[in-house]
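Worksheet for the structure shown next.
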Amino acid sequence: MPKVAIIGVGQSKFVRSYPGSIRELAFEGFSEAMRDAGMTTKDIGASVICSAPEYDKQRSPAGVFAEYLGLNPQPTFYAESLCSSSSTGLRLAYSLVASGLHDSVAVVGFQKMSEISSSESQDLMGRGADIQWESPFGTMMPAYYAMYAQAHMQRHGTTPEDLSLIRVKSATYGQLNERAVYRKPVTMEMFADPENRMCGPVSSPLRVGDCCANADGSSCIIVANEQKAKAFSQKPVWILGIGAASTSVNLASRDVFTGLTVAREAGRQAYAMAGIGPKDIDVAEVHDCFTIAEMMAYEDLGFAEEGQGKELIRAKETYKEGSIPVNVDGGLLSKGHPVGATGGSQIRTIVLQLRGDAGDIQVPDPQFGLVHNIGGVGLYGNVSILGR
């Protein structure tokens, strides 16, 4: 396959309530990525706009954004795969560039979730499940992941304290991320205090501290072919492997509840395409919408044997100084989760790491980075492997 690189990355601050329009929100991530790439809009061959459309009043945002961002008359496309939309956008951009149809593509992810209430947002997220057979029973995202947490605990002896350790790590790095929603320290003592909000029950065994928060935000990734990458970038980051998978929307049709089969299959594809394995990964971003999601990702991606993910976090192996640093930008648990922008934010973090531009959260001399982005309750899975 032709070589394809990421040559520009950008992200807005993730906030609880953005005061401007979705156009202005998208522009924040896009403009930073364009400056990073040293490009003008005439240098962009096409755009892929990514979000979950239920949260927006605007129909067909791709056309609206292409006009506002100055990307007409180039073609624009819209990608939606729930929470994994902008990593799906990266896969589409890779395909468009590798095929030779375009020499560069801008992937813009966004979500302004504050336009609706939290209860409305949870209702919409619940409709990411089957609206005929599951969501009418009131199932919502925390309850779904709580079922996975219960299964993991029953089979592997994982404890609520193990999940708390993941949130403590997240907050350790979230404090260093100026673009994160949650920048306060979290301690194990908070989870032991019944009066502390972190300990508040959500869906057993998950507590407030085990759950990420909704947010408003945007991200942008500029993808280019080898010729254009070398012309514009001093430090291109190459897309070495991309994997994607899906599974049944109904949990009743699944036979595994201690991990996500889409992550396992997408990871297998990405490793095979890149020609490397889990032990070669130097830094990773995984989809930690809930603490149990990060725990399962350790195992699904091969960083730990099944049931041994808890040993990684207990030994702090997923900290910056550990053998496999994971979510050292704070992850979704600290950054927040603006659905359509999340994958692009994860990709941005890994690109900065591989360039050596990650500042206080820089991992020493990484060669390979991995991004794991999940849509819905393991309905869609994308794994991308990037290299210097």
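Among the candidates Ala26, Ala66, Ala98, single out the residue that is crowded, with 22+ Cβ neighbours inside 10 Å, in contact (Cβ under 8 Å) with a residue 40 or more places away in the chain and either closer than 28 Å to Gly331 by Cα or not basic (Lys, Arg) (or both). Steps first, please.
Numbers: Ala66 fails: in contact (Cβ under 8 Å) with a residue 40 or more places away in the chain; Ala98 fails: crowded, with 22+ Cβ neighbours inside 10 Å.
Just one listed residue meets the conditions, Ala26.
In this structure, does Leu370 turn out to be buried (at least 24 other Cβ atoms within 10 Å of the Cβ), touching a residue at least 24 places away in the same chain (Cβ under 8 Å), part of a strand (DSSP E or B) and of a type in the set (A, V, I, L, M)?
Numbers: buried (at least 24 other Cβ atoms within 10 Å of the Cβ): yes; touching a residue at least 24 places away in the same chain (Cβ under 8 Å): yes; part of a strand (DSSP E or B): yes; of a type in the set (A, V, I, L, M): yes.
Here the answer is yes, as Leu370 does meet what is asked.
How about the range 322-352: which of its residues are surrounded by fewer than 23 Cβ atoms within 10 Å (Cβ to Cβ) and hydroxyl-bearing (Ser, Thr, Tyr)?
Taking the range 322-352 first, the residues surrounded by fewer than 23 Cβ atoms within 10 Å (Cβ to Cβ) are 322-324, 352.
Selection gives Ser323 alone.
Kindly indicate whether any position in the range 250-260 is crowded, with 21+ Cβ neighbours inside 10 Å, touching a strand residue (DSSP E or B) at 6+ places or on another chain (Cβ under 7 Å) and modelled with pLDDT of 95 or more.
Yes, the range 250-260 contains a residue that is crowded, with 21+ Cβ neighbours inside 10 Å, touching a strand residue (DSSP E or B) at 6+ places or on another chain (Cβ under 7 Å) and modelled with pLDDT of 95 or more.
Within the range 300-328, how many residues turn out to be touching a residue at least 12 places away in the same chain (Cβ under 8 Å) and either within 23 Å of Asp365 (Cβ to Cβ) or touching a Leu at 6+ places or on another chain (Cβ under 9 Å) (or both)?
Within the range 300-328, residues that are touching a residue at least 12 places away in the same chain (Cβ under 8 Å) and either within 23 Å of Asp365 (Cβ to Cβ) or touching a Leu at 6+ places or on another chain (Cβ under 9 Å) (or both) number 17.
What is the number of the single condition among (1) of a type outside the set (Ser, Thr, Tyr); (2) out of contact with any Gly (no Cβ under 7 Å at 6 or more places or on another chain); (3) within 30 Å of Ala37 (Cβ to Cβ) that Phe232 does not meet?
Looking at each condition in turn, Phe232 falls short on (2).
Applying the selection to the range 303-335, what residues are of a type outside the set (D, E, K, R), in a loop (DSSP other than H, G, I, E, B) and touching a Gly at 6+ places or on another chain (Cβ under 7 Å)?
Within the range 303-335, the first condition is being of a type outside the set (D, E, K, R), and the residues that meet it are 303-304, 307-309, 312-313, 315, 318-319, 322-328, 330-334.
With the extra rule that they be in a loop (DSSP other than H, G, I, E, B), the set shrinks to 303-304, 307-308, 315, 318-319, 322-325, 327-328, 330.
Once the filter is applied, which keeps residues that are of a type outside the set (D, E, K, R), in a loop (DSSP other than H, G, I, E, B) and touching a Gly at 6+ places or on another chain (Cβ under 7 Å), the range 303-335 yields only Gly330.
Every residue, every condition in (1) of a type in the set (Ser, Thr, Tyr); (2) within 25 Å of Lys42 (Cβ to Cβ); (3) over 23 Å from the mean Cα position of the chain (by Cα), yes or no:
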| residue | (1), (2), (3) |
| --- | --- |
| Pro61 | no, yes, no |
| Ser81 | yes, no, no |
| Leu92 | no, yes, no |
| Ser99 | yes, yes, yes |
| Ala106 | no, yes, no |
| Met113 | no, no, no |
| Glu120 | no, no, no |
| Gly126 | no, no, no |
| Ser135 | yes, no, yes |
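Take the residues in the range 353-367 that are outside any loop (DSSP other than H, G, I, E, B) and of a type in the set (A, V, I, L, M, F, W, C); name whichever of them is surrounded by the fewest Cβ atoms within 10 Å (Cβ to Cβ). Steps first, answer last, please.
Initially, the range 353-367 is screened for residues outside any loop (DSSP other than H, G, I, E, B), giving 353-355, 359-361.
With of a type in the set (A, V, I, L, M, F, W, C) added as a condition, the list becomes 354, 361.
Details: Leu354: 25, Ile361: 19.
Among those that are outside any loop (DSSP other than H, G, I, E, B) and of a type in the set (A, V, I, L, M, F, W, C), it is Ile361.
May I ask you to say which residue of Val249, Val283 is closer than 30 Å to Phe110 by Cβ, β-branched (Val, Ile, Thr) and touching a helix residue (DSSP H, G or I) at 6+ places or on another chain (Cβ under 8 Å)? Walk me through how you get there before you give the answer.
On the way: Val249 fails: touching a helix residue (DSSP H, G or I) at 6+ places or on another chain (Cβ under 8 Å).
None of the other options fit; the residue is Val283.
Among the residues of the range 298-321, are any hydrophobic (A, V, I, L, M, F, W, C), closer than 20 Å to Ser85 by Cβ and surrounded by 22 or more Cβ atoms within 10 Å (Cβ to Cβ)? Steps first, please.
Step one: list which residues in the range 298-321 are hydrophobic (A, V, I, L, M, F, W, C), which gives 301, 303-304, 312-313, 315.
Now drop any that are not closer than 20 Å to Ser85 by Cβ, which leaves none.
Within the range 298-321, not a single residue is hydrophobic (A, V, I, L, M, F, W, C), closer than 20 Å to Ser85 by Cβ and surrounded by 22 or more Cβ atoms within 10 Å (Cβ to Cβ).
The values are calculated or read from the model by the stated rules, or taken from the named source; none is laboratory data. From a predicted model like this one, the values you see are computed outputs, not experimental measurements. As a convention, Cβ positions derive from the backbone with ideal geometry for all residues, glycine included, and neighbour counts pool all protein chains shown.
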